[in-house]
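What follows is a set of notes on a single structure, which appears directly below.
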Amino acid sequence: MSNYHIKHLEEYYQVYRKSVREPENFWEEIAEEHFLWRKKWNRVLYWDFSKPEIKWFEGAQLNITENCIDRHLATRGDKTAILFEPNDPKEGAEHISYRQLYHRVNQFANVLKAKGVKKGDRVCIYVPMIPELAIAVLACARIGAIHSVVFAGFSSTALATRINDCDCKVVITADGSYRGAKTIDLKGIVDEALEQCDGVQTVLVAKRINSQVAMKSDRDYWLQPLLDAASDQCRAEVMDAEDPLFILYTSGSTGKPKGMVHTTAGYMVYSAYTFKNAFQYKEDDVYWCTADIGWITGHSYIVYGPLANGATTLMFEGVPSYPDFGRFWDIVEKHKVNQFYTAPTAIRALAKQGVELVEKYDLSSLKVLGSVGEPINEEAWHWYNDNIGKNKSPIIDSWWQTETGGIMITPIPYVTPTKPTYATLPFIGIQPCLMDEDGEELKGNQVNGRLCIKFPWPSIARTIWGNHQRYKDTYFSTYKNKYFTGDGALRDEVGYYRITGRVDDVIIVSGHNLGTAPIEDAINEHPAIAESAIVGFPHDVKGSALYGYVTLKDAGETRNHDNLRKEINQLIADRIGPIAKLDKIQFTEGLPKTRSGKIMRRILRKIAEKDTSNLGDISTLLNPECVQDIMDNAL
Ligand code: WTA
């Protein structure tokens, strides 16, 4: 019996039990039956969380693009692989068939080879949501180059940090990008970044907005003429199962961004298997995930997972508000979208617009709705369920992380009964547990603790690029022999999980993970500022927004505070990106600190949340007097 496609609840329990009791047999069967291998593995799994070291399908050889493209050519050559919907609806959609995708990926791969890119080299991809982005990703995978996609909304400083961290020698970008009615000068941002990146030898530039850009000779090349001249045949590099496939940066609570390394075989198997089941994808369905490929959601559930299943995956270049707030629903109607996967922040923004913009469109094609990126609040869940799903399309509230590579806790639609705000049950093969603060596992139901995973799954990130110690410290040192997620969760009376949010200093704003430390570092660069502390506070659209407490070097600073606020936000936009700007900035005379000098964020968080009834004992602080002052002047 094939366990590849789960169709009812008893089957879920049965397959789940098998995946936990005999994980190696289970994954071996899935891998064997549903993927194309150049050579089979010698060992299914080796793991040791204390080192930590994790290897899946060791000894196997494959190329993921042969699984995502070549093997479909015989039966799905003319089927649409990528359905591209541009920013401007008047431009018209583009259907890229599997055969066309094959040719375009090969051409791109040959261009990379001609520029000297070899197996194991790092390639930075800083491209907006146009087909070239997905094609660049696959072209790297074709030749065994490690792609590092950087979200094309990040600033030049953020881009430079990521290029240098993994020594990319090639950067792929575009002349610019469209974002609703605006354009963004991407090439200008790349040029600025590259002033700090000596290792980059080649920049390939896709033409999108036809703007005038500066091209540096012997470094910058227009992509299209090179593609046109390249052969559309390119042998797929044979990769080992544990060869890195990509690096993707994610924010930690401190320090620079972490380059999470995902490897080839396990990532492929898990992203494909979760895609098939979590979305109940059937041949001829049109699947749409609204994320950007610059995030893990786009890697796993726009590119690799869907294509490995021979699916039609929709890529949308624009924003939900352009030309108006009905755009998502317009696209659903136009392309008869069957599975729709988005983030709570988008749902909340759209819910604010009223239902007229929804009712104008025929959404009857929808079968499955997904949510990812942050906890979905009850109100947003019901709005989504009532107005978009019309109470008939199950909502899969899927919990996972950049580090996990694929969906970890989720209802399986039409299989798992849903419950608002609950991610419900672990996916096949996933063994979650909840821990208390003393490091003891909380047994039984109706418990609340810190979410860990006890056993490896195929797509767990294997390391942090260039810093294995940090990988160990961050994920495997808090609890012995367990992967620590950084999230809190509760388990209800039937064993359903509800994710309650981060328990560290990562704040999720509009679905984007932001570490407080890099933002504070950016603010502290301002010459007038002594120190700062960032906390999150509830926001009805963004989920959380950022509140900054800032102390000035000169308390008598006479400059206009509003100007200072603008300067602070400009610094943040330059160093990190506009997504990290602060909604509120309060100037304070001091920040509450412990006697060892640690800022008491818990107190600042409560003040920002306007919940000051129980601040706890503040008498032990170094400077308890500042707390009242901060409360009196809170925004
Ligand atoms: C949060 C995104 C509640 C969580 C795939 C996690 C969620 C972080 C959910 C990872 C969900 C993601 N419910 N919280 N359904 N999905 N999160 O790395 O805090 O961008 O640790 O990966 O988002 O964010 P990342």
Go through A380, A346 for me and flag whichever is assigned to a helix (DSSP H, G or I) and within 12 Å of the ligand (Cβ to nearest atom).
-> A380
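Is it fair to say W37 is at pLDDT 95 or above, of a type in the set (F, W, Y) and within 27 Å of the chain's Cα centre (by Cα)?
Numbers: at pLDDT 95 or above: yes; of a type in the set (F, W, Y): yes; within 27 Å of the chain's Cα centre (by Cα): no.
In short, no.
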Scanning the stretch 583-601 for residues that are charged (D, E, K, R) and surrounded by 12 or more Cβ atoms within 10 Å (Cβ to Cβ), which turns out nearest to I529 (Cα to Cα)?
-> E589
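Do the conditions hold for G449, that is, is it surrounded by 19 or more Cβ atoms within 10 Å (Cβ to Cβ) and more than 22 Å from E58 (Cα to Cα)?
Working: surrounded by 19 or more Cβ atoms within 10 Å (Cβ to Cβ): yes; more than 22 Å from E58 (Cα to Cα): yes.
The answer is yes for G449.
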Scope the stretch 162-214; condition open to solvent by 60 Å² or more (accessible area, probe 1.4 Å), assigned to a loop (DSSP other than H, G, I, E, B) and among the charged types (D, E, K, R); matching residues = D167, D185, E195, D198, K207
May I ask you to verify whether T463 is within 15 Å of the ligand (Cβ to nearest atom) and either touching a residue at least 24 places away in the same chain (Cβ under 8 Å) or more than 20 Å from the chain's Cα centre (by Cα) (or both)?
-> no
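Being modelled with pLDDT of 90 or more and either within 16 Å of the ligand (Cβ to nearest atom) or open to solvent by less than 30 Å² (accessible area, probe 1.4 Å) (or both) is the filter here; which residues of the stretch 350-373 pass it? Lay out the reasoning, then the answer.
Taking the stretch 350-373 and keeping what is modelled with pLDDT of 90 or more, we get 350-353, 355-373.
Selection gives L350, V358, L363, S365, L366, V368, L369, G370, S371, V372, G373.
Residues are listed down the side, and each one gets a yes or a no for (1) part of a loop (DSSP other than H, G, I, E, B); (2) within 11 Å of the ligand (Cβ to nearest atom):
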{"site": "P456", "(1), (2)": "yes, no"}
{"site": "S459", "(1), (2)": "yes, no"}
{"site": "Y471", "(1), (2)": "no, no"}
{"site": "Y475", "(1), (2)": "no, no"}
{"site": "T478", "(1), (2)": "yes, no"}
{"site": "G495", "(1), (2)": "yes, no"}
{"site": "R498", "(1), (2)": "no, yes"}
{"site": "D504", "(1), (2)": "yes, yes"}
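Could you say whether any residue in the stretch 516-529 is part of a strand (DSSP E or B), touching a Lys or Arg at 6+ places or on another chain (Cβ under 8 Å), away from the ligand (no atom under 16 Å from the Cβ) and of a type outside the set (K, R)?
To start, the set of residues in the stretch 516-529 that are part of a strand (DSSP E or B) comprises 529.
Right, trim to touching a Lys or Arg at 6+ places or on another chain (Cβ under 8 Å) and you get 529.
With the extra rule that they be away from the ligand (no atom under 16 Å from the Cβ), the set shrinks to 529.
Narrowing further to those that are of a type outside the set (K, R): 529.
Yes: one or more hits.
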Checklist (1) touching a residue at least 40 places away in the same chain (Cβ under 8 Å); (2) polar (S, T, N, Q); (3) assigned to a helix (DSSP H, G or I) applied to Q100, failing item | (1)
Give the residue that is farthest from F476 (Cα to Cα), with candidates limited to residues of the stretch 383-403 that are within 16 Å of the ligand (Cβ to nearest atom) and either open to solvent by less than 10 Å² (accessible area, probe 1.4 Å) or in a strand (DSSP E or B) (or both).
-> Y384
Is there a residue in the stretch 235-252 that is over 26 Å from the mean Cα position of the chain (by Cα) and farther than 30 Å from T463 by Cβ?
-> no
Can you tell me which residue in the stretch 424-439 is nearest to the chain's Cα centre (by Cα), limited to those that are open to solvent by 10 Å² or more (accessible area, probe 1.4 Å) and more than 14 Å from the ligand (Cβ to nearest atom)?
-> Q431
Scan the stretch 215-243 for residues that are over 15 Å from G116 (Cα atoms), part of a loop (DSSP other than H, G, I, E, B) and open to solvent by 70 Å² or more (accessible area, probe 1.4 Å) and report the count.
-> 4
Please give the number of the condition T313 fails out of (1) touching a helix residue (DSSP H, G or I) at 6+ places or on another chain (Cβ under 6 Å); (2) assigned to a strand (DSSP E or B); (3) within 16 Å of the ligand (Cβ to nearest atom).
-> (3)
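Take the conditions touching a helix residue (DSSP H, G or I) at 6+ places or on another chain (Cβ under 7 Å), open to solvent by less than 30 Å² (accessible area, probe 1.4 Å), of a type in the set (S, T, N, Q) and within 16 Å of the ligand (Cβ to nearest atom) and apply them to T421. Does it pass? Spell out the reasoning first.
On the way: touching a helix residue (DSSP H, G or I) at 6+ places or on another chain (Cβ under 7 Å): yes; open to solvent by less than 30 Å² (accessible area, probe 1.4 Å): yes; of a type in the set (S, T, N, Q): yes; within 16 Å of the ligand (Cβ to nearest atom): yes.
The answer is yes for T421.
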Counting only residues that are touching a residue at least 12 places away in the same chain (Cβ under 8 Å), of a type in the set (D, E, K, R) and in contact with a strand residue (DSSP E or B) (Cβ under 9 Å, 6 or more places away or on another chain), which one in the stretch 9-48 is least open to solvent (accessible area, probe 1.4 Å)?
-> E28
Residues (more than 16 Å from F246 (Cβ to Cβ) and β-branched (V, I, T)) located in the stretch 99-153 = V111, I130
Can you confirm whether the stretch 253-264 contains a residue that is farther than 21 Å from K113 by Cα, among the hydroxyl-bearing types (S, T, Y) and assigned to a loop (DSSP other than H, G, I, E, B)?
-> yes
Selected residue (only one of V535, V506 is open to solvent by less than 20 Å² (accessible area, probe 1.4 Å) and under 21 Å from I409 (Cα atoms)) = V506
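Kindly evaluate D487 against the criterion of being within 12 Å of the ligand (Cβ to nearest atom), among the acidic types (D, E) and within 23 Å of K598 (Cα to Cα).
Values: within 12 Å of the ligand (Cβ to nearest atom): yes; among the acidic types (D, E): yes; within 23 Å of K598 (Cα to Cα): yes.
Here the answer is yes, as D487 does meet what is asked.
Which of the residues that make up the stretch 602-633 are among the small types (G, A, S), loosely packed, with under 15 Cβ neighbours inside 10 Å and within 20 Å of P538 (Cα to Cα)?
Of all residues in the stretch 602-633, those among the small types (G, A, S) come to 608, 613, 616, 619.
Right, trim to loosely packed, with under 15 Cβ neighbours inside 10 Å and you get 613, 616, 619.
The answer is S613, and nothing else.
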List the number of the failed condition for V111; all other conditions in (1) in contact with an Asp or Glu (Cβ under 8 Å, 6 or more places away or on another chain); (2) closer than 21 Å to M239 by Cβ; (3) open to solvent by less than 20 Å² (accessible area, probe 1.4 Å) hold.
-> (1)
Checklist (1) buried (at least 20 other Cβ atoms within 10 Å of the Cβ); (2) in contact with a Leu (Cβ under 8 Å, 6 or more places away or on another chain); (3) within 30 Å of V332 (Cβ to Cβ) applied to N87, failing item | (2)
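The values are calculated or read from the model by the stated rules, or taken from the named source; none is laboratory data. These numbers come from a predicted model, not from an experiment. Neighbour counts run over all protein chains shown; Cβ positions are idealised from the backbone, glycine included. Calculation scope for accessible area: heavy atoms of the full protein, side chains included, ligands and nucleic acids excluded. Shrake-Rupley method; radii C 1.70, N 1.55, O 1.52, S 1.80 Å.
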